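Below is one structure, written out as structure tokens; the observations come after it.
The values are calculated or read from the model by the stated rules, or taken from the named source; none is laboratory data. Predicted, not measured: the structure shown is a model, and the values here were computed from it. Neighbour counts run over all protein chains shown; Cβ positions are idealised from the backbone, glycine included. Please note that ligands, DNA and RNA were not included when accessible areas were found on the heavy atoms of the full protein model with its side chains. Shrake-Rupley method; radii C 1.70, N 1.55, O 1.52, S 1.80 Å.
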Amino acid sequence: MTDEEILALQGRQIDPRLAAARECMANLVGAVRADGSPVADLLAAHMQGALVSHMRHLRRADPEAWAAGLTQIRAQRGTADAVRRLQTLTAFEVMTTTPADAYVPAGLPPRWSAPDRYNILRSGVWWAESEEQQIRISTRPIWVVGYLIDVDGRGHHLRLMWTQVDGTQHTEAVPLGSAMDARGLLSLARRGCPVTSSNARALTGYLDAGVAALQDRLPVEHCAGRLGWMPAAAGGSFLWGSQQLPETGQPVQLMADPAVQQVAASYTQAGSWAGWLAEVMEPASHSPALYLAVYASVASVLLQPLGVQHNYAIDYSGETSTGKTTVQRAAASVWGNPTGLLRSWAISAAGLEAYASMAKHLPIILDDSKKARRPDDVAGLVYLHSGGTGAVRGKPGAAGQSVGLRRVETWRSWLISSGESRLVDFSRDAGTRARVLCWQGSPLDSADAAQCITLGTAEHYGHLGPLVVRQVALMGAEELQAWLADALALWRGIMGQLDAPAVARRLADAIAVLDVAERLCITVGLPECRVSVMESAQRLALDAAAESDQPAEALRVLYDYCTQRQAQFQGRNPERVPAGGFLGRWDDGRDWQTLQVLPRVADELLRLHGFDLGIRARWVERGWVQPARDGGSTCRAMVGSARCRVLALRRSAFDAVGCV
């Protein structure tokens with residue numbers, strides 16, 4: 001006798017829904033046994049529409065029939081995954097009573113309402129499967145309360161709010177791709193969101209319905225994954241940590257991973273403006289080195305509004321415990337807590353690229369260049385920063401492409417470095433010297449001043465930077481660029497009058513930016529240094545230029561090498577041939593006119609000392625090399641018993657570089 005017949009004899013009403021559920025399970029079991037297609041595909045095709053609703057009802061109303069049906073399905077090979085999915089889909093809690101009033105906490109947008117067929121109660125989010133019952137898809141309520149668009153075109157985000165286990169409301173912006181993907185949504189569980197592997201798929205449907213229902217009522221905001229100046233389309237404000245400057249205008253929220261949020265937390269304010277002036281700047285009133293670091297820190301955020309396309313650096317080198325790090329702390333205190341903003345040179349190229357693109361326009365402050373992984377890394381990192389552009393990288397293709405390109409990061413900022421060796425000593429490139437101002441020796445007057453400044457930066461920081469940003473916003477880019485035009489005319493003119501080398505003339509542009517920064521700092525109330533800061537910067541530029549003539553420096557190195565090995569040159573060793581052969585030809589006496597060196601000897605020496613082999617071409621361009629009859633850079637001469645090609649360097653060239 002069937003269950004229906006028993007119920008009829010007892011005079012009880014037959015539950016048509018339970019009968020339909022049992023029939024559905026029987027049909028599913030029969031299809032699994034009879035169909036020759038893969039069982040997993042068959043179950044996937046059946047687990048649509050009303051099947052899940054019937055199975056959920058059967059599981060609740062007749063657990064024995066549910067378990068028996070699953071056992072018969074599980075007996076077929078290849079059904080394990082499909083059975084687990086069916087169990088997951090039918091596991092939601094069902095409410096058959098009339099739902100309580102909707103839960104509407106503070107913080108929801110005006111005219112907010114739940115999506116159709118969803119109810120948000122204190123007990124969670126419920127979906128109305130029918131008029132009689134609702135299915136709970138989360139154990140605590142969650143709401144869509146905002147929509148954000150990245151100012152740099154990096155994507156869209158949803159602002160979600162949910163109830164934590166302690167009853168408080170937590171708000172967080174989530175990438176739209178993660179909110180619409182069950183696996184991506186699971187990452188919010190670590191921050192208290194009521195999402196599990198069982199309800200993630202259902203929650204993504206709820207969030208999608210929420211966006212669709214509220215699209216004309218959700219507040220649309222701007223967000224950014226980095227700091228610094230925002231695009232004009234987003235209001236042109238400045239993102240300083242999690243704060244926006246100036247405070248008025250279109251709001252922009254920092255959207256970044258926890259590591260970036262940690263760095264951004266250091267861009268904050270403590271102490272007072274008066275305290276910073278008294279305890280940090282007053283002890284350094286006679287120290288142009290510290291003022292240069294502060295001006296460079298300010299100048300970093302001026303590169304963008306000034307329209308300057310180059311990045312620059314200032315470097316402090318000398319013996320340990322001479323105040324180099326103290327000066328960097330003062331520069332960092334312009335924008336926030338020096339402890340969090342002072343970084344180590346133990347950084348990779350990818351790390352510097354990520355950090356610089358995150359800070360965007362804020363200064364990069366790296367301490368102690370000897371901590372770099374390898375000495376060669378320092379030169380590469382300086383060049384990377386000065387270029388202002390990250391590496392070009394590939395990625396898996398999309399839309400039919402086999403390979404694509406990742407977004408190339410960019411930045412505009414100053415680098416403030418310290419170390420026992422100068423940054424320019426890590427590379428022979430003249431291009432590096434044209435971007436770096438190097439201060440050698442102690443930057444402060446005394447150890448007492450250094451201690452006072454260190455203590456002052458621990459108590460007072462984050463005041464000058466916001467004042468400068470507000471002043472820039474008040475003035476506008478046009479007036480600021482007019483200041484730069486005046487400064488460029490002044491310093492380029494000065495370098496021209498001094499007949500300074502090309503490197504000094506290029507550094508004149510960096511000095512002009514520092515000049516604008518000084519003028520802006522004075523405008524917002526920073527007292528002037530009692531020693532001319534810009535004259536000190538000019539001296540640094542001229543010193544850099546004096547050492548930047550790499551062809552002349554390479555010629556000096558070659559002359560010193562040959563002088564120490566005169567016995568290995570034919571003409572200066574008449575007695576015998578050296579064991580390794582002659583290095584070239586050099587006539588004896590004071591009337592020699594050329595020093596003839598074998599090309600391989602010159603190339604090996606240049607390579608050993610880190611010079612570019614292209615320097616030989618520079619020697620030819622300057623007329624330092626006696627050309628061959630055919631116009632080539634090497635000519636033929638007798639060296640030993642053979643006639644071979646040599647690089648004939650004129651004596652006048654050595655006179656020009658001060659060797660003879």
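Summary of values
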read-out	value
Residue in the range 562-616 that is farthest from the chain's Cα centre (by Cα), counting only those that are buried (at least 21 other Cβ atoms within 10 Å of the Cβ) and among the β-branched types (Val, Ile, Thr)	Thr594
Output for the range 448-500, where each listed residue is over 25 Å from Ala537 (Cβ atoms), surrounded by 19 or more Cβ atoms within 10 Å (Cβ to Cβ) and in contact with an Asp or Glu (Cβ under 8 Å, 6 or more places away or on another chain)	His460
Leading residue by the ranking (surrounded by the fewest Cβ atoms within 10 Å (Cβ to Cβ)) among those in the range 177-216 that are part of a helix (DSSP H, G or I), touching a residue at least 40 places away in the same chain (Cβ under 8 Å) and in contact with a Ser or Thr (Cβ under 9 Å, 6 or more places away or on another chain)	Ala213
Qualifying residues in the range 124-158 (those that are at pLDDT 90 or above, farther than 22 Å from Met358 by Cα and open to solvent by 30 Å² or more (accessible area, probe 1.4 Å)) - the one nearest to the chain's Cα centre (by Cα)	Tyr147
Enumeration of residues in the range 257-274 that are surrounded by 18 or more Cβ atoms within 10 Å (Cβ to Cβ) and touching a helix residue (DSSP H, G or I) at 6+ places or on another chain (Cβ under 8 Å)	Val260, Val263, Ser266, Tyr267, Gln269, Gly271
Test result for His57, closer than 26 Å to Val174 by Cβ, in contact with a helix residue (DSSP H, G or I) (Cβ under 7 Å, 6 or more places away or on another chain) and either modelled with pLDDT under 80 or not β-branched (Val, Ile, Thr) (or both)	no
Options Ala296, Ala354; residue that is in contact (Cβ under 8 Å) with a residue 24 or more places away in the chain, open to solvent by less than 10 Å² (accessible area, probe 1.4 Å) and part of a helix (DSSP H, G or I)	Ala296
Failed criterion for Ala233 (all others in (1) open to solvent by 60 Å² or more (accessible area, probe 1.4 Å); (2) free of Cβ contacts under 8 Å to residues at least 12 places away in the same chain hold)	(2)
All positions within the range 340-369 that are among the hydroxyl-bearing types (Ser, Thr, Tyr) and more than 19 Å from the chain's Cα centre (by Cα)	Ser369
Residue match in the range 97-106 (condition: touching a strand residue (DSSP E or B) at 6+ places or on another chain (Cβ under 7 Å), at pLDDT 90 or above and over 19 Å from Asn199 (Cβ atoms))	no
Residues being in a helix (DSSP H, G or I), among the aliphatic types (A, V, I, L, M) and either out of contact with any helix residue (DSSP H, G or I) (no Cβ under 8 Å at 6 or more places or on another chain) or under 20 Å from Pro363 (Cβ atoms) (or both) - total across the range 413-436	2
Hits in the range 526-548 - residues which are part of a loop (DSSP other than H, G, I, E, B) and touching a residue at least 60 places away in the same chain (Cβ under 8 Å)	Leu526, Pro527, Cys529, Arg530, Val531, Ser532
Test: residue in the range 74-85 that is of a type in the set (S, T, N, Q), open to solvent by 50 Å² or more (accessible area, probe 1.4 Å) and either at pLDDT below 75 or part of a helix (DSSP H, G or I) (or both)	no
Any hit, the range 318-335, residues being open to solvent by 10 Å² or more (accessible area, probe 1.4 Å), of a type in the set (Val, Ile, Thr) and touching a helix residue (DSSP H, G or I) at 6+ places or on another chain (Cβ under 7 Å)	yes
Trp439, sole failed condition from (1) among the hydrophobic types (A, V, I, L, M, F, W, C); (2) surrounded by fewer than 23 Cβ atoms within 10 Å (Cβ to Cβ); (3) not in a helix (DSSP H, G or I)	(2)
Candidate set from the range 125-172 (those that are in a strand (DSSP E or B) and among the basic types (Lys, Arg)); member that is nearest to Ala212 (Cα to Cα)	Arg159
From the options Gln244, Gln261, residue that is on the phi < 0 side of the Ramachandran plot, part of a strand (DSSP E or B) and polar (S, T, N, Q)	Gln244
Residue list for the range 501-547, filter: modelled with pLDDT under 90, open to solvent by 10 Å² or more (accessible area, probe 1.4 Å) and either more than 21 Å from Ala293 (Cβ to Cβ) or not hydrophobic (A, V, I, L, M, F, W, C) (or both)	Pro501, Ala502, Val503, Arg505, Arg506, Asp543, Ala546, Glu547
Some residue of the range 592-612 being in contact with a Phe, Trp or Tyr (Cβ under 9 Å, 6 or more places away or on another chain), modelled with pLDDT of 85 or more, part of a helix (DSSP H, G or I) and among the β-branched types (Val, Ile, Thr)	yes
Selection from the range 622-652 of residues that are part of a loop (DSSP other than H, G, I, E, B), under 25 Å from Asn573 (Cβ atoms) and open to solvent by 50 Å² or more (accessible area, probe 1.4 Å)	Gln626, Ser641
Members of the range 217-230 that are out of contact with any helix residue (DSSP H, G or I) (no Cβ under 9 Å at 6 or more places or on another chain) and open to solvent by 30 Å² or more (accessible area, probe 1.4 Å)	Arg217, Pro219, Val220, Glu221
